[in-house]
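Data block below; observations after.
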Amino acid sequence: MACAAHTVTGGRRCAGTTASADGTVLAARIVPPTSQNQAAIEDDLRQFVQVRLDLNDHRLTQECEQAIRNYDPCISCATHFLDLTMERV
């Protein structure tokens, strides 16, 4: 398997591929930058929220989404995962 690392928005993307003699990709492994930054994103978001608890839910949600996009501007469109729900206790 050949492996290459490329600098992309949000970090480095690593890809490993196995190809046949005619160039057909037989297997591929891609490690996107977001997976490399996930722990940092979560830790920073916890700290980010603590100083913004006075904001209403709508504004706090917007600011959290923006903070996440600072790590990876493509994350919300590429994965359609960004669905932030808050529970205040």
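Things worth noting here:
- If you go through the range 51-68 and keep only what is outside any helix (DSSP H, G or I) and hydrophobic (A, V, I, L, M, F, W, C), you end up with V51, L53, L55.
- Counting the residues of the range 53-65 that are without any contact (Cβ under 8 Å) to a residue 24 or more places away in the chain and surrounded by 11 or more Cβ atoms within 10 Å (Cβ to Cβ) gives 6.
- Single residue of the range 43-52 satisfying the filter (free of Cβ contacts under 8 Å to residues at least 12 places away in the same chain and not basic (K, R)) that is nearest to R88 (Cα to Cα): Q50
- Where N70 falls short, out of the listed (1) out of contact with any strand residue (DSSP E or B) (no Cβ under 8 Å at 6 or more places or on another chain); (2) surrounded by fewer than 14 Cβ atoms within 10 Å (Cβ to Cβ); (3) at pLDDT below 70: (3)
- Among the residues of the range 3-33, those identified as of a type in the set (S, T, N, Q) and modelled with pLDDT under 70 are T7, T9.
- When the test is whether a residue is exposed (fewer than 13 other Cβ atoms within 10 Å of the Cβ), at pLDDT below 70 and polar (S, T, N, Q), T79 passes it.
The values are calculated or read from the model by the stated rules, or taken from the named source; none is laboratory data. Keep in mind that this is a model prediction, so the values were computed, not measured. Here the Cβ is made from the backbone with ideal geometry for all residues, glycine too, and neighbour counts use every protein chain on show.
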